[in-house]
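Input: a single structure, listed below in structure tokens.
The values are calculated or read from the model by the stated rules, or taken from the named source; none is laboratory data. These numbers come from a predicted model, not from an experiment. Cβ sites come from the backbone with ideal geometry, for glycine too, and all protein chains shown count toward neighbours. To get the accessible areas, we keep the full protein, side chains included, count just its heavy atoms, and leave off ligands, DNA and RNA. Shrake-Rupley method; radii C 1.70, N 1.55, O 1.52, S 1.80 Å.
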Amino acid sequence: FYKYLKPAFSPVALMADFWEKTLKQGQQLIIPVHMINDTYDKVEDFVKLTIYNGNEKVFNQSASFSLDGLQKKIIDIPVIVPDKRGQCRMEAEIVYKGESIKSIREFIIE
């Protein structure tokens, strides 16, 4: 519980706007990642988007971002769904002050 709740209260946070339950192999899509900076400081880094099939990493993409103080921005990350069927987990992740902040979604590749 703590693992998932703590990042929700981070002053610099993200949320993957992805709610599909199933995807097709080879499907191309854009995942909007909402970035929020509730501090007065500028934050610059990379957001990583990774898809896991079990513990195996089957897709990885990153994009740089820059957020001024008290700014919200949407970063679009292109994804090509891997050719590996099964239960998967997508993690959008940033690191803020040494803490991993994630938005996690589960889905099935058909």
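A few points about this structure:
- Those residues of segment 47-63 which are open to solvent by 20 Å² or more (accessible area, probe 1.4 Å), over 12 Å from residue 33 (Cα atoms) and assigned to a strand (DSSP E or B), in sequence order: 52, 53, 56, 57, 58, 59, 60, 61
- The lone exception for residue 88 - which of (1) surrounded by 15 or more Cβ atoms within 10 Å (Cβ to Cβ); (2) hydrophobic (A, V, I, L, M, F, W, C); (3) part of a loop (DSSP other than H, G, I, E, B) it fails: (3)
- All of 41, 76 fail the test of being modelled with pLDDT of 95 or more, open to solvent by 80 Å² or more (accessible area, probe 1.4 Å) and not in a strand (DSSP E or B), apart from 41.
- Residues within segment 53-88 that are among the β-branched types (Val, Ile, Thr) and either within 19 Å of residue 10 (Cβ to Cβ) or without any contact (Cβ under 8 Å) to a residue 12 or more places away in the chain (or both), tallied: 2
- The set of residues in segment 1-25 that are in contact with a strand residue (DSSP E or B) (Cβ under 7 Å, 6 or more places away or on another chain), open to solvent by less than 70 Å² (accessible area, probe 1.4 Å) and part of a loop (DSSP other than H, G, I, E, B) comprises 10, 17, 18, 25.
- Enumeration of residues in segment 37-52 that are of a type in the set (D, E, K, R) and either touching a Lys or Arg at 6+ places or on another chain (Cβ under 7 Å) or touching a residue at least 60 places away in the same chain (Cβ under 8 Å) (or both): none
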